[in-house]
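The numbers here are math on the coordinates, done by the rules we state, and not lab data. Given the structure is predicted, the values throughout are model-derived calculations rather than measurements. Methodologically, a virtual Cβ is constructed for each residue, glycine included, from the backbone with ideal geometry; neighbour enumeration extends over all protein chains shown.
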Amino acid sequence: MNPQLTPIPRWATTSPKLPKGRAYDPWEHAEAIGFEVITRRLRTANGRTFPEYGQILISDRLRVGQQRLVLAHEVGHAAFMHPDDRPKHEKQADRFAAQNLICPDELADLYAWCRDERRIIAELGVTTRLFRAYVLSRAA
């Protein structure tokens, strides 16, 4: 692939090194890459990213923990400047969110005492979809 055609993610050049896992703050990350986060009523989605306006919208109907997960995903769209939500972009945003929301050391500690995927997911505070995106990104 021609390197000139591959966009450099905004987070790769403009954001400070942010913590992973429970310490990750997607609101801070959004601000670091120059995106404003707006919480408001959304009819058909939990979150939307508008790269052309530097804004991320998050549904006000979500609980704070759910907002964090959705925002981590939307920050992925923002970082890669995705113009739409095609499946390829959704997977990329999921991997981005998972890699920020899951700390490898925390996951290793959990695996040391538990092999039940559902319990590990609950302990990490992520969704099954994000957990599997993380596992797949590590396997690749």
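Look at the Cα gyration tensor of the range 25-97: its axes a ≥ b ≥ c give a/c under 1.5, and that counts as rounded. For the chain, the share of DSSP beta bridges that are antiparallel, to the nearest 5, is 45%. Packing-based ranking of 21-29, 72-80, 103-111, 90-98 yields 72-80, 90-98, 21-29, 103-111, ordered from highest to lowest mean Cβ neighbour count within 10 Å.
Please pull out the direction-averaged projected area of the range 55-133, using the convex hull of its alpha-carbon atoms, in nm² to one decimal place.
Mean projected area of the Cα convex hull: 5.6 nm².
Within the shell of other residues whose beta carbon sits under 9 angstrom from the beta carbon of Leu42, the net charge comes to +4, with Lys and Arg scored +1 and Asp and Glu -1.
Max-minus-min Cα coordinates of the chain on each principal axis give 46, 41, 28 Å, with the largest extent listed first. Estimated at 0.36 nm per residue, the fully extended path between Arg43 and Arg138 surpasses their Cα-Cα distance by 30.7 nm.
Stretch Arg115-Asp25 to full length: gain in nm at 0.36 nm per residue minus the Cα-Cα span?
Contour length minus Cα-Cα distance gives 29.7 nm.
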